[in-house]
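The values are calculated or read from the model by the stated rules, or taken from the named source; none is laboratory data. In this text, all values refer to a predicted model and were calculated from it rather than measured experimentally. Note that we place each Cβ from the backbone using ideal geometry, even for glycine, and neighbour counts take in every protein chain shown.
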Amino acid sequence: MPPVAALLAVRIDPVALVVAGLAIAAYLLGVRRARARGAAWPLHRTLLFLLLGAGGYLLVTCGFTGVYSAVLRYAFVTRLVVLVTVVPVLAVLGRPITLARAATGPAGTARVDRVIGSRAARALGNLVVAPLVPLAVFTLLLTPVSGWLRVTPWGSALVDVVVPAAGLAVAIPLAEPLVPTAGAAVVAEFMISFAELVADAIPAILLRLSTTVVDGMTHVALHAPTWAPSPLRDQQLAGDLLWCIAEGADIPAVVLLFVRWLRSDRRESQRFDDLSDEEYERLAAEHLRGAPPTG
């Protein structure tokens, strides 16, 4: 167990500070422009983005997990997993896409909607595809690439920038979809998402059970603090944390899917309630004949 002084350690990460600074400046500028256009932007959304989104990002990159990433694999794994799964979810609580629409007017809204409605964004917003992005990141932990990312300045910079960007690319289309999802599609996603809950655990289990240090960075133990575990034990702890955090991070996705299903069911119920008696009878007759609905 690290001492309290280590848990409270802080470092200056220039890349992380620049990323957080740009994100905060862009968000606050968006709030200012939205209010100038007459939109009443809620204060709680701004606080959620600043304190949980940007604050969580800085805590992970500049706090304990950032300070000891190079010498403690479990610190690096925690940093990586939180950046790709937790921080993006916290950031989208501030509804950045909704803010962009409110701040940019009709022309800007059209551009934002084109991006969110693109084929790539729709694919990432599909809960069958979305978990594959963090799963690919987790799989890197089983290769020597993770060692390079952990101990080199360029690798650390990539983790600070690319990993949360990948998480946001998944979280934003999920949280703020442009096209409503049909109820049947949501049910199918629900079923597949439970299989992916198991898939997320595979890299963690392999890390936990491996009898060798898979990233090959055993020499960094020479620079580790005296309270640090051995390289193999460090890897086992990394596997434990990966398993816990990855599975815990899947819970919001399942909750979000359930909310989408409720909204889809409500929309479809409202659509049928709005039908006239003649339209309803025609749809029922087409259904009995096996013909596709026309209404």
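Within the range 67-82, not a single residue is charged (D, E, K, R), in contact with a helix residue (DSSP H, G or I) (Cβ under 6 Å, 6 or more places away or on another chain) and not in a helix (DSSP H, G or I). Every condition in (1) in contact (Cβ under 8 Å) with a residue 24 or more places away in the chain; (2) buried (at least 20 other Cβ atoms within 10 Å of the Cβ); (3) out of contact with any Leu (no Cβ under 8 Å at 6 or more places or on another chain) is met by residue 65 except one, and the failing one is (1). For the range 12-28, state whether one or more residues are over 20 Å from the mean Cα position of the chain (by Cα) and outside any helix (DSSP H, G or I). Yes, because at least one residue in the range 12-28 is over 20 Å from the mean Cα position of the chain (by Cα) and outside any helix (DSSP H, G or I). Annotation for the range 36-45: no member residue is crowded, with 23+ Cβ neighbours inside 10 Å and either of a type in the set (A, V, I, L, M, F, W, C) or not in a helix (DSSP H, G or I) (or both). Taking the residues in the range 203-242 that are surrounded by 19 or more Cβ atoms within 10 Å (Cβ to Cβ) and small (Gly, Ala, Ser) as candidates, determine which candidate is farthest from the chain's Cα centre (by Cα). Within the range 203-242, the match that is farthest from the chain's Cα centre (by Cα) is 228.
When you check residue 95 against the structure, is it within 18 Å of residue 171 (Cβ to Cβ) and touching a residue at least 40 places away in the same chain (Cβ under 8 Å), yes or no?
Yes: the conditions hold for residue 95.
With respect to the stated conditions, residue 157 fails to be outside any loop (DSSP other than H, G, I, E, B), at pLDDT below 75 and over 18 Å from the mean Cα position of the chain (by Cα). Of all residues in the range 114-152, those that are part of a helix (DSSP H, G or I), over 18 Å from residue 78 (Cα atoms) and of a type outside the set (Gly, Ala, Ser) total 7.
Quick grid of which residues meet (1) surrounded by 23 or more Cβ atoms within 10 Å (Cβ to Cβ); (2) at pLDDT 90 or above; (3) within 30 Å of residue 1 (Cβ to Cβ); (4) under 16 Å from the mean Cα position of the chain (by Cα):
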{"site": "54", "(1), (2), (3), (4)": "no, yes, yes, yes"}
{"site": "59", "(1), (2), (3), (4)": "no, yes, yes, no"}
{"site": "75", "(1), (2), (3), (4)": "yes, yes, yes, no"}
{"site": "89", "(1), (2), (3), (4)": "no, no, yes, yes"}
{"site": "108", "(1), (2), (3), (4)": "no, no, no, no"}
{"site": "134", "(1), (2), (3), (4)": "yes, no, yes, yes"}
{"site": "145", "(1), (2), (3), (4)": "no, yes, yes, no"}
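On the basis of being under 28 Å from residue 146 (Cα atoms), modelled with pLDDT under 70 and aliphatic (A, V, I, L, M), does residue 199 make the cut? So residue 199 fails the test.
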